[in-house]
Amino acid sequence: MDKLQEILNYYKDNLQNQEIELYAGRKGQQIMHLTFDFSSEHLKHLMGLHKLEDFPGYARESSNLLLKRIERGELTLDRISGSSQFAIIESRLDCILKIKDIVTNAKKISKSIKGRFLGIEADYMLSNKDEKLGNIHLFLKKGSNNKIVPVSILNCDHNKYLEVPCSQWTILPKERIEQQNKNRQEENTKKENTSNSSQQLGNEDNKSFCAYEEKSDDGIKTELRMSNKVNAEATQIVDERNKQSQLIEQNKQTEKVNQVGHSGKQNQQNNKKGRGK
């Protein structure tokens, strides 16, 4: 299989139409969430085929048409081997076969301050060191659909791209972010349930109050009459009990008076008898 066809197949099988995400942050906390867009239209530029100035027909052709030529075997690595840019293109091809490794194994992601990494226009850069190819840098740019697209890839032995002033974030394991999101969701659900319970209690109180407010004047008057009737009956019962208590007390007093009077008469009779003897 031709090397260009190998690159095309690798790109389609491992990158194109794949949901590839990246989470990054500091101190274990997520700051950014990036989604990659590896569509076929970016592959021509990644392979460096736009540099085929000595093959202007290929350099100006659209990415889709160029990829179809590669698929049919019309455009091969051997065919462009005479280009003055061949060495650059060939090194890029080897790097493209490492893109999945870069996305998976990179430890940090760099964000450019001025939208450039030296001479390359890009918003982000992922880097990974390969034993054979040295430092591989994948440059990415924000796309129109809020995804990041690859714009260039290269390898070098120096660290000049790593020394460009930029912001850096640590790439976080997806499992950790998913667990954090799960914990956050559970906490929010717990707070929401507590809030709903409080709101429900408040609604019950409001319903009771509203039910009272919605009563007609006749209903309120009826309740008042019933209340007054109950109060009157209670008052009557208390008055009757008080009267009974008073009668009982009066009877006791009368009995005491009668007992005293009877005792006096008995004494008088006894005294008379005593004087007769």
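FYI, it's all coordinate maths here, none of it is from the lab. In this text the structure is predicted, and so the values were computed from the model without any measurement. A quick note on method: Cβ atoms are made from the backbone with ideal geometry, for glycine too, and the neighbour counts reach across all protein chains shown.
Things worth noting here:
- Per-selection metrics, the stretch 1-77 (Cα): Rg and Dmax in Å: 16.2, 51
- Note on the stretch 1-153: Rg/Rh from Cα positions, Kirkwood definition for Rh, rounded to two decimals, is 0.97.
- ³J(HN,Hα), Karplus 6.51/-1.76/1.60, whole Hz, each residue of the stretch 61-75, x for Gly, Pro: 6, 5, 4, 5, 5, 5, 5, 5, 4, 5, 4, 7, x, 6, 10
- 3J(HN,Hα) from dihedral phi, the stretch 161-175, Karplus parametrisation 6.51/-1.76/1.60, rounded to Hz, x for glycine, proline: 6, 6, 9, 5, x, 6, 8, 10, 10, 7, 7, 9, x, 4, 4
- Peptides 50-63, 92-105, ordered by how many other C-beta atoms sit within 10 Å of their residues on average, highest first, read 92-105, 50-63.
- Normalised radius of gyration (Cα atoms, divided by 2.2 N^0.38 Å) for the stretch 112-178: 1.20.
- For residue 77, the residues whose modelled amide H falls within less than 5 Å of its own, excluding neighbours fewer than 5 places apart on the same chain, are 3, 4.
- Annotation: amide H-H contacts under 5 Å for residue 117 (H modelled 1.01 Å from N, sequence separation of 5 or more, or interchain): 122.
- A crude spin-label estimate for the pair residue 251 and residue 104, with each label 7 Å from Cα along the Cβ direction, gives 10.8 nm.
- Our summary gives the stretch 50-143 a relative contact order of 17 percent, counting only alpha carbon pairs under 8 angstrom and 6 or more residues apart.
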